[in-house]
Every structure is written in C-alpha cells, then in structure tokens.
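Below you'll find the structure, written out as structure tokens, and then a few comments.
The values are calculated or read from the model by the stated rules, or taken from the named source; none is laboratory data. Computed from a predicted model, the values in this text were never measured in an experiment. Note: ideal-geometry Cβ built from the backbone for every residue, glycine included; neighbour counts use all protein chains shown. For accessibility, only protein heavy atoms count, side chains too; no ligands or nucleic acids. Shrake-Rupley method; radii C 1.70, N 1.55, O 1.52, S 1.80 Å.
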Amino acid sequence: MEVRVVINRKNWQKRRNNRMEQYERILRQYPDYWEAIRRIDRIHRLKADERLYLMVIVPPLVEYVRWVLRHAEQNGKRRLYFLSRDGYQMYLIAQEMVEQGNLPIECRYLQVSRYSMRVPGYHLDLEQGLASIFFGGINVTVEKILRRGALTNEEIQNVIREIGWERMTGRMLNYPQIRRLYKHIQKSKQIRNYMRSHSLQAYDDAIGYLKQEGLCDPIPYALVDSGWIGTLQNSIEALVKSVSEDISLEGYYFGMYEQPRQRKRNQFHPYYFSDRKGIRRKTNFSNSLFETIVSSPEGMVIGYIRESEGYMAVKKENSNPNHKQIKRNIKVLRMFLKEYHPVTISDRTELAQKLLTPFMAKPTALELACYGDNYFSDDLLDHDHQRVAADLTLAQIREQRLWNKLLIIMGIEKQSIHESAWLEGSAVRAVSRISIPPGRKKRRIREELKHIRWYKTVVYLRKQFGV
C-alpha cells in the first residue's frame with residue numbers, strides 16, 4: 001500500500017513506538033488478549049498494519065461477537081445470519097466460539113447488500129422506495145441518486161430531462177439541493193415506472209435466495225452486522241413479510257446511529273452505541289474507517305440468479321478494493337483464534353472504547369500510514385471509491401467546521417463541501433504537510449481534531465434529542 005503522508009522518519013519511529021506502547025498498556029489490563037497477542041508476536045513477524053489490526057480491531061470484534069452469542073442464547077435464537085460483507089470476520093469469530101463453547105446456535109453467512117435487498121422490494125412500497133434513494137453522502141450527484149433506483153444510464157437521462165435538471169448533470173450536490181431534487185423527482189412518472197419494472201424483475205430471484213437460505217423457516221433467528229441505521233434489516237424484513245406476514249426480524253449490531261421509524265425498538269439490539277446512548281463513543285468513532293477494515297475480500301452482491309444447484313448471489317466482478325490487506329488481516333485473525341481461549345466474563349465494551357478512540361478520533365502518522373489509504377465508497381452500488389482519509393487541504397477541512405456546515409444545511413451558504421469519510425485522518429494528513437516546528441504541528445492537529453469532535457457531537461445530540 002502506498003503511504004501518502006509526509007513523515008520525518010526519526011519522529012515517525014518515535015510516534016509509532018509511543019502509540020504502540022499505548023495500545024500495549026491497555027491490553028495488559030486484559031490478560032486473555034495480551035497473552036494470545038504476545039504468543040503471535042513471538043512467532044510471526046507482522047507488518048505494522050497487521051499488528052494494529054491484531055491489537056486494536058480484533059479485541060472489540062471478539063467482545064462484540066461474545067455479546068451477540070450470549071444475548072442470542074438468552075433470547076432463544078437458534079440461528080444467526082452474519083450479513084456480507086461487514087459480517088464476515090464476525091462470522092469467523094462466531095464459528096470458533098460456538099464450536100469451543102458447544103453452543104446450540106447455527107451460524108450462517110448471508111450474501112446480501114443494501115442494493116440487492118432494496119431493489120426487489122421497491123415495488124412493494126414505491127413511495128417509500130423512492131424516498132429511500134435520497135440520502136446524503138460523499139460527492140453526491142443527480143446521477144448517483146438515480147442510480148440507486150436501479151435505473152440505466154439512458155433512463156437516468158430521461159428522468160433528468162423530464163424534471164429539467166440538465167444543467168445540474170455531473171455537479172456535486174449539497175444538502176439543500178438534494179432536498180430540492182427530491183421535490184422535483186416526486187412529480188416524475190418515469191422514475192416510478194422504471195423502479196417498478198426493475199424491482200419486479202429482481203423480486204423472484206431475491207425471494208428464492210432468501211427462502212433457500214432459511215429466512216422463511218419457522219425458526220427463531222436474528223441478523224448480525226456492523227449496523228448504523230438499520231435499513232438493510234428493514235429491506236430483508238419487507239421481502240420475507242411478502243411471503244409470510246408473521247415473520248418479524250431482529251438484528252444485533254455493533255452500533256446504531258438511528259432507530260428506524262415505525263419499527264419496534266426490541267427488533268434492534270446495538271452493542272457499542274445506539275441512537276439514544278453513547279454520544280462520546282459515536283463522536284470518537286468512524287464507521288467508514290471501520291468498514292474498510294472489517295469486511296471480506298469479495299465484491300459486492302448486486303443480485304441473484306437461479307442455477308441448477310439453486311439460487312446464487314451475483315457479485316461485482318471487481319473484488320473489494322482493500323482485498324489484499326483484508327486477506328492478510330483475516331490470516332492474522334485466524335492466528336489469533338487458534339491462540340485465544342475465551343473466558344466467561346461480563347460485558348467489556350470499555351475495552352473497545354479504550355482502543356478505538358485513539359485509533360479513529362486521535363490518529364497519529366502510524367494509523368494514517370497503515371489505514372488512511374484504504375478505499376471507501378458510500379455509494380449504494382459501491383462506485384466512486386476514494387481514500388478513506390481524503391486528500392484535502394487545510395482550508396477544505398476548515399470548511400467542515402460546525403458554523404460553516406450549519407449555514408450550508410440551512411441554505412444560507414451555497415457551496416458544496418469536500419467531504420472525507422475519515423475526516424480525522426484527513427486533518428492529520430493536511431497538517432503533516434505544513435512546514436512548521438513539531439510542537440506547533442501537534443497543537444494544530446489537536447485544534448483541528450477538536451473542531452471535528454465539536455461538529456460530530458452537535459450532530460449526534462440533535463439526532464438523539466430529535467432537535
């Protein structure tokens with residue numbers, strides 16, 4: 001992986017050692033993890049990113065899966081579906097824990113994506129389906145939004161001409177512009193016809209796959225995934241309910257920023273933070289960075305096809321852009337699972353907070369060099385990948401401070417913001433390039449990270465209290 005950070009090698013080695021020592025001090029408080037990690041360290045020569053993964057990512061994942069299995073068993077769940085792709089590493093951990101603990105739970109890996117589950121369900125509630133394609137993101141354009149509805153390039157251009165938005169073709173949209181686009185799209189007849197047609201074409205194969213995998217079986221089961229806003233569970237539930245109205249899904253999630261409307265709270269079980277709790281954890285967490293690390297190597301599922309042996313998931317030809325690193329990390333995870341001996345202990349979510357906060361919210365050149373160049377896409381079709389710590393100038397980062405973003409959201413400022421999926425990493429990258437003394441550089445980094453935390457805190461407080 002190419003490192004795009006300007007680093008003074010002498011200072012880099014010092015900061016690297018200091019940060020690694022910080023993680024080691026944390027892990028020594030948890031002997032079950034520390035002993036397994038030390039044994040791996042003695043046997044294998046791990047690269048810096050592999051060692052970071054082993055020390056910072058693996059323990060929170062193991063704790064989360066331990067929590068899932070305990071709650072699933074207490075709630076009488078006999079089967080758990082780990083959703084691709086974020087659920088793959090969790091699935092590997094769960095398999096090992098179920099076998100070691102002889103638990104009465106079956107673990108399965110379900111090949112799905114937001115896109116592969118949404119498109120077949122659009123026709124079940126077309127107005128809701130239309131509303132669901134209008135969400136923000138990084139570098140959002142009219143075409144990007146319409147592509148979420150499964151429209152072809154020709155159909156996209158037809159809709160753009162119908163609503164008279166030709167001048168906005170290819171232009172990045174800000175929040176008020178996305179809202180205005182939705183008002184225009186609501187008047188379009190063509191988009192409803194296109195979405196209904198594509199949805200009906202995809203429905204039978206998607207339902208066939210879900211039935212084949214047992215989601216319509218009369219057995220208590222739950223979904224397991226990284227989480228965030230619960231839309232994938234909603235999409236899957238809408239499809240299985242079209243077969244059997246009695247089915248009601250539950251899901252276990254690493255974290256949830258929002259609680260889906262018109263859904264019972266006991267259908268969603270968040271671990272690390274929820275829409276109502278964990279402001280500090282949410283502020284110091286990057287779900288985008290998390291997704292680039294905690295994933296599987298294969299490409300995204302885009303649909304299903306029926307073959308002689310049954311229904312198969314159809315995936316994008318291109319594999320996960322981070323597949324080389326992910327494969328190495330999964331190899332490290334398998335090493336850990338051989339060395340680690342689970343202990344029966346109460347919830348230890350504080351361990352995740354101790355490790356993930358410095359890694360995600362207060363990164364050094366070490367974290368940035370190892371994971372800042374990972375590729376991320378928030379697009380429903382996994383297009384338009386960019387580095388998770390986008391290469392922004394200091395001025396572009398300051399555009400994203402609280403007051404400026406509020407002015408844009410309110411429509412007072414007309415500018416579009418240059419987004420970064422891991423803004424903290426981008427801030428460290430930008431400041432690292434400035435030719436100023438090391439002491440001033442540290443203070444500048446702290447200042448930029450402080451403003452990022454302020455903005456995220458306000459966002460999550462508004463969501464938590466419905467302001």
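Structure notes:
- Lys/Arg +1, Asp/Glu -1 at C-beta; the range 215-303 dipole; positive extreme among LEU249, TYR221, SER274: SER274
- Which of VAL62, TYR88, ALA48, positive extreme of dipole for the range 14-104 (C-beta unit charges): ALA48
- Residues with amide H under 5 Å from that of TRP228, placed H, sequence gap 5 or more: GLY255, MET256, TYR257
- By definition, a body whose alpha carbon gyration tensor gives a ≥ b ≥ c is rounded when a/c is under 1.5, and the range 241-399 falls into this rounded group.
- Interchain or long-range residues, amide H under 5 Å from GLU106's placed H: ARG79, LEU80
- Alpha-carbon centroid distance for the pair the range 115-174 / the range 43-70, whole angstrom: 38
- Phi-based couplings in Hz for the range 278-292 (Karplus 6.51, -1.76, 1.60; Gly and Pro marked x): x, 4, 5, 5, 5, 4, 9, 10, 10, 5, 5, 4, 3, 5, 6
- The chain - mean residue ellipticity at 222 nm from DSSP helices (-39,500 (n - 2.57) per run, n ≥ 4, rounded to 500): -15500 deg cm²/dmol
- Carbon and sulfur %, accessible surface of the chain computed with the full protein complex present, 1.4 Å: 48
- For the chain, a simple Cβ point-charge model (Lys and Arg +1, Asp and Glu -1, everything else neutral) yields a dipole of about 2500 debye relative to the Cα centre.
- Charges were assigned to the Cβ only: +1 to each Lys and Arg, -1 to each Asp and Glu. The resulting dipole of the range 269-391 about its Cα centre is roughly 600 debye.
- Listed values for the range 174-187 are Karplus-derived 3J(HN,Hα) couplings in whole Hz (6.51 cos²θ - 1.76 cosθ + 1.60, θ = phi - 60°), namely 9, 4, x, 5, 5, 5, 5, 4, 4, 4, 5, 5, 4, 8, and x replaces Gly and Pro.
- Proximity of backbone amide H atoms, modeled 1.01 Å from N, is registered between ILE302 and VAL314, LYS315, LYS316 at under 5 Å, excluding neighbours fewer than 5 places apart on the same chain.
- Across the chain, the longest piece that holds none of the GluC sites (Glu not before Pro) lying in DSSP loops with up to 13 other C-beta atoms within 10 Å covers 3-244.
- Shape of the range 232-301, Cα gyration tensor, a/c cut at 1.5: oblate
- For the chain, the square roots a ≥ b ≥ c of the C-alpha gyration tensor eigenvalues yield an a/c of 1.5 or more together with a/b not exceeding b/c, which makes the shape oblate.
- Evaluating 6.51 cos²θ - 1.76 cosθ + 1.60 at θ = phi - 60° for every residue in the range 131-138, the Karplus couplings come out as 5, 5, 8, 9, 9, x, x, 9 Hz, glycine and proline recorded as x.
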